[in-house]
1. If you go through region 32-75, how many residues are part of a helix (DSSP H, G or I), surrounded by 12 or more Cβ atoms within 10 Å (Cβ to Cβ) and not polar (S, T, N, Q)?
2. Within region 309-322, does at least one residue satisfy the condition of being touching a Cys at 6+ places or on another chain (Cβ under 6 Å) and buried (at least 18 other Cβ atoms within 10 Å of the Cβ)?
3. Please enumerate the residues belonging to region 167-217 that are within 17 Å of Ser259 (Cα to Cα) and of a type in the set (Asp, Glu).
4. Please go through region 320-353 and pick out each residue that is of a type in the set (D, E, K, R), modelled with pLDDT under 95 and over 17 Å from Ile189 (Cα atoms).
5. Collect the residues in region 265-305 that are within 24 Å of the chain's Cα centre (by Cα), in a helix (DSSP H, G or I) and at pLDDT 90 or above, keeping them in residue-number order.
6. I need the full set of residues from region 176-229 which are among the acidic types (Asp, Glu) and in contact with a Gly (Cβ under 7 Å, 6 or more places away or on another chain), in order please.
7. Being within 17 Å of Ile153 (Cα to Cα) and free of Cβ contacts under 8 Å to residues at least 40 places away in the same chain is the filter here, so list the residues in region 261-276 that pass it.
8. Of the residues in region 121-147, how many are surrounded by fewer than 22 Cβ atoms within 10 Å (Cβ to Cβ) and of a type outside the set (A, V, I, L, M, F, W, C)?
Amino acid sequence: MNNNWIHSVSASYLTEVVKIKKPRVLLTALEGQWDLKEKDLTELKKVSDLTVRFFTKKDRMTEKKLAEMCDGYNHLMLNADFLPMQFYSKTNTCKISPEFYQYDSVKQLDAFNIDYTDADLFSPVSAVKNKIIIQTCPNATTRSVAESVVAEILIHAKKRVLDYTKEEYSKPVKNLSKSTVGIVGFGNIGRTCYSILSGFGCKFLVNDVRSFPGVTNTPLEELFKKSNIIIIQIPSIDGRRNNHSNVGMVDETLLNKCSDAIIINLATDYIVNRKHMCRAIQNGNVSGYSTEDLHAESATESTKKIFENFPQVHVCKSNAFDTQESRDAVKKIWINNTVSGVQGNLINVWGTV
């Protein structure tokens, strides 16, 4: 046997092994976001060829530029806070439009990993149509948002913060004990609200497109009619999913069923028809409403502007999720998503949770 031939083959094999490239990962984020440290990326660097790019909002990054940056990469980890909010339609905003998924550099990605709990701002249906996998960070901010929902309920029930100074708004405060709470959307946040409010002695009605063991699904009109407090916690659907939209879903038909109800919507404000909500408050159907501000095309179209003369409405800053616990959870899940994906086990894929 020719031992020289054996050594030659072995050397050749080792050379080819060395040449095997790790999957390429591009991480893009707003400067300072999630307080990313070198140690946070240790495991990701072990399994991938990682490039980290930080931007500021002054960089005027566009999704076209972002798509061009993806060329040659296998995975994109995106914190989209440096990207401007876009207006895909008159009633819908997005961080990533459907056109993003048409770029060849994006189509070749194995996965597109975002640090959001939901993908509604990233045109997920268009991603699926283009066979692009979106990974999200489910349940990372659940407790924070649920506690914020409860805080908003108490603000209205006890009138402790809002400017109810005019005589016509000086109705007695309410106890939560034995109140009927209608929960529209029984996902992670809806179920956590249920758990917290159970401690107050509340009763519950639930509406969801899914069924849950031991939970009766109540029709929306009945829920709005019978509930003292209504929590809206569903993702927005803008019409690109099976030609169905829930923009303005909570309209006068539902609001007229209410009687002195408190409504909390920390999901997406345009699920509620804002003009119809104004009339419902004026008519006494709704006694208090909380929401977060829509990124409107102009100041006059903003939720804050529309409700500025209604002290019964609390338009919150969009930070219900933002606690240190949530930040740590998002960062951990976001990084682990890509580590798992690089290793051939994609987790937290949108549409499968």
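1. The qualifying residues number 15.
2. no
3. Glu168, the sole residue that qualifies.
4. Let us first name the residues in region 320-353 that are of a type in the set (D, E, K, R), namely 322, 325, 327-328, 331-332.
Still in the list and also modelled with pLDDT under 95: 322, 325, 327-328.
Result: Asp328, single match.
5. Arg274, Met277
6. Asp208
7. Those that are within 17 Å of Ile153 (Cα to Cα) and free of Cβ contacts under 8 Å to residues at least 40 places away in the same chain: Ala261, Ile263, Asn265, Asp269.
8. Selection size over region 121-147: 10.
The values are calculated or read from the model by the stated rules, or taken from the named source; none is laboratory data. None of these values were measured; they are calculated from a predicted model. Every residue, glycine among them, receives a Cβ derived from its backbone with ideal geometry; neighbour counts consider all protein chains shown.
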